[in-house]
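Reading through the structure tokens given below for one structure.
The values are calculated or read from the model by the stated rules, or taken from the named source; none is laboratory data. Given the structure is predicted, the values throughout are model-derived calculations rather than measurements. Positions of Cβ are generated from backbone atoms using ideal geometry, with glycine treated the same way; all protein chains shown enter the neighbour counts. In case anyone asks, the SASA skips ligands and DNA or RNA and just uses the protein heavy atoms, side chains included. Shrake-Rupley method; radii C 1.70, N 1.55, O 1.52, S 1.80 Å.
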Amino acid sequence: MKKLNSLNINSICKVESMENSYESISRLGELGIIPGAVIRVVKKNPFNGPIQLKLNNNHIVIRIEDAELIYVSIL
């Protein structure tokens, strides 16, 4: 498994698990990032900036710190 922040642009992946950080997990869960969700990396900003993702026909942006907590498998 890889971390979400290590993927390249246009990579499609499935969320496998997340590290235990209650604040981040609850916030990401509200956005729809839960185990089993299929995500595509749309854009990565330079200098450890936020990552833009496509999830269920919605574009969302998450912090790099949150992306480091998400373990994914590449599809």
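Worth a mention:
- Strands (runs of 3 or more DSSP E) completely within region 12-75 that count 2 or more residues being within 13 Å of residue 2 (Cβ to Cβ) and of a type outside the set (Val, Ile, Thr): 12-18, 70-74
- Just one of the listed residues (71, 22) is open to solvent by 90 Å² or more (accessible area, probe 1.4 Å), of a type in the set (Ser, Thr, Tyr) and out of contact with any helix residue (DSSP H, G or I) (no Cβ under 6 Å at 6 or more places or on another chain), namely 22.
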